[in-house]
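Okay, so here's the structure we're looking at.
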Amino acid sequence: MRERMLPILLLIIATAFFGEMKVNPFGSSFRFSLGSAVFFFGLIWFRTVPVVWTGLFTGLFISLFRTSIDLLMNDKSFSDHFLSHLPAACYYLAFALFVHVLRLRNYMELPIHVALLGASIDFASNIIELFVRHLMGETIAVTHETIFMLLLFGILRSFCVVGLYNILMIQQMQTLGEARRQELERLVMMNASLYEEAFYLRKSMSHMEDITRKSYELYTMLMDGKRIEPRTALYIAEHVHEVKKDSQRILAGLSELMNQEQRDLRLSIAELCGMVIRANQKYAELLKKEIAFQFTCDLDLSTRHVYALLSVLNNLVANAVEAIPLSGWIQLRAELDGGDLVFTVTDSGPGIPEDERDWVFELGFTTKYDEHGNPSTGIGLTHAKEIVHSFNGNIRLTTDENGQTQFQINIPSKQL
């Protein structure tokens with residue numbers, strides 16, 4: 001409300017002030033002034049102000065303003081002065097009504113059209129003011145010269161106002177265009193840098209997939225008591241080191257790109273969940289699946305364990321994305337239950353058979369296979385369980401009231 005009233009007050013005061021820069025061509029209170037031009041400019045520049053109400057308030061204020069000035073200059077009564085200036089209020093009200101009825105603001109992309117309409121409105125409003133003055137007893141001879149003068153001043157004021165408006169709009173568009181050009185250049189440079197980081201990231205992902213598979217093979221060989229070749233462990237160590245170097249390159253590049261120094265990161269739970277949803281929306285698009293994501297979090301909580309919680313939630317939601325065949329929905333909820341922060345991930349996928357539910361958190365258990373029939377590592381949910389337990393929390397697989405698969409995580413809020 002305050003932001004809306006300020007332009008109206010500014011326009012009223014400016015119109016009254018510039019209205020004193022005048023000529024009185026007919027030897028009466030009727031005048032040609034800059035106030036009319038300022039009023040017209042304000043109506044088309046401040047597009048949010050209500051036109052009719054602004055015209056009414058401007059007219060009344062100007063009548064009172066001019067009356068006050070006249071009272072300081074001579075000894076006539078307030079009513080005499082006010083009545084002599086009241087027709088000016090009719091001019092501004094009529095001007096505003098014409099602008100509103102003709103919807104002049106809708107044609108600002110046609111400057112000549114607006115200028116001609118403005119001149120016509122100015123002329124008609126002056127005629128109305130002269131008519132009101134005639135009804136109130138003022139004698140003003142309306143001759144061809146009078147009509148010509150009204151048209152001339154109307155055209156001059158209108159074209160000057162529309163010209164000034166367009167000059168300012170062009171300058172504003174040039175400034176905006178320059179800002180957009182600079183932003184585009186910045187984004188182009190950023191994309192070039194991101195392309196380089198994406199190359200290293202793809203390389204690291206390839207190494208990580210290989211390391212994960214080799215590590216699991218090493219684990220199974222150790223569990224079976226088989227003899228391990230030293231080169232197997234060396235192979236894993238070399239690739240981990242390579243991933244570490246690539247990760248350092250990526251981190252350095254992204255840190256420079258974001259122009260921020262390393263700091264202790266702390267995010268709200270709502271922001272954290274939002275990041276998970278946005279990341280998996282992109283993942284669903286990559287897999288060409290139409291999935292509706294629902295996100296509910298009305299908590300005023302934050303955490304410094306961003307990466308750990310992000311890893312857990314992203315794992316659960318990504319699993320849900322992979323489980324849904326072609327289309328479906330996924331819901332992520334975060335809420336407080338007593339002293340616990342509870343995350344719930346529900347999806348419309350086919351679910352997990354009853355006889356397999358006791359095994360989902362076991363290392364190596366998986367229901368996912370790639371296009372070549374190779375099983376996944378089965379490490380994700382085990383890793384998520386270990387992280388949740390590190391917060392003295394628990395994770396469990398249940399079903400909601402509609403029988404949909406649901407993972408629920410409970411973490412004491414004091415651990416955040």
(message) If I filter the range 381-416 down to residues being more than 24 Å from SER348 (Cα to Cα) and in contact with a Phe, Trp or Tyr (Cβ under 6 Å, 6 or more places away or on another chain), which single residue comes out as surrounded by the most Cβ atoms within 10 Å (Cβ to Cβ)?
(response) ILE411
(request) Give me the pairs, please: first residue somewhere in the range 353-367 and closer than 15 Å to THR398 by Cβ and surrounded by 12 or more Cβ atoms within 10 Å (Cβ to Cβ), second residue anywhere and at pLDDT 70 or above and of a type in the set (S, T, N, Q), beta-carbon distance under 7 Å, and either six or more positions apart or on two chains. (result) PHE361/THR382
(message) Taking the conditions exactly as written (of a type in the set (A, V, I, L, M), out of contact with any Phe, Trp or Tyr (no Cβ under 7 Å at 6 or more places or on another chain) and surrounded by fewer than 20 Cβ atoms within 10 Å (Cβ to Cβ)), does LEU287 satisfy them or not?
(response) yes
(request) Working only within the range 225-243, note down all residues that are over 17 Å from LYS203 (Cβ atoms), in a helix (DSSP H, G or I) and not hydrophobic (A, V, I, L, M, F, W, C). (result) PRO230, ARG231, THR232
(request) Go through ILE128, ILE147, ILE112 for me and flag whichever is surrounded by fewer than 16 Cβ atoms within 10 Å (Cβ to Cβ) and more than 30 Å from ILE170 (Cα to Cα). (result) ILE147
(request) Give ILE170, ILE147 a once-over and let me know the one that is closer than 30 Å to PHE46 by Cα and assigned by TED's automatic domain parsing to the domain that holds PHE41. (result) ILE170
(request) Name, by its number, the condition in (1) touching a helix residue (DSSP H, G or I) at 6+ places or on another chain (Cβ under 6 Å); (2) modelled with pLDDT of 85 or more that does not hold for LEU150. (result) (2)
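In the list LEU116, LEU110, LEU102, which residue meets the criterion of being under 22 Å from ASN166 (Cβ atoms) and modelled with pLDDT of 90 or more? Full working, then the answer.
Values: LEU110 fails: modelled with pLDDT of 90 or more; LEU102 fails: modelled with pLDDT of 90 or more.
Residue meeting the stated conditions: LEU116.
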(request) Would you be able to say whether some residue in the range 109-132 is closer than 25 Å to PRO50 by Cβ, outside any helix (DSSP H, G or I), of a type outside the set (A, V, I, L, M) and free of Cβ contacts under 8 Å to residues at least 24 places away in the same chain? (result) yes
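The values are calculated or read from the model by the stated rules, or taken from the named source; none is laboratory data. Bear in mind the structure is a predicted one, so any value in this text is a computation, not a measurement. Every residue, glycine as well, gets a Cβ built from its backbone with ideal geometry; the counts of neighbours run over all protein chains shown.
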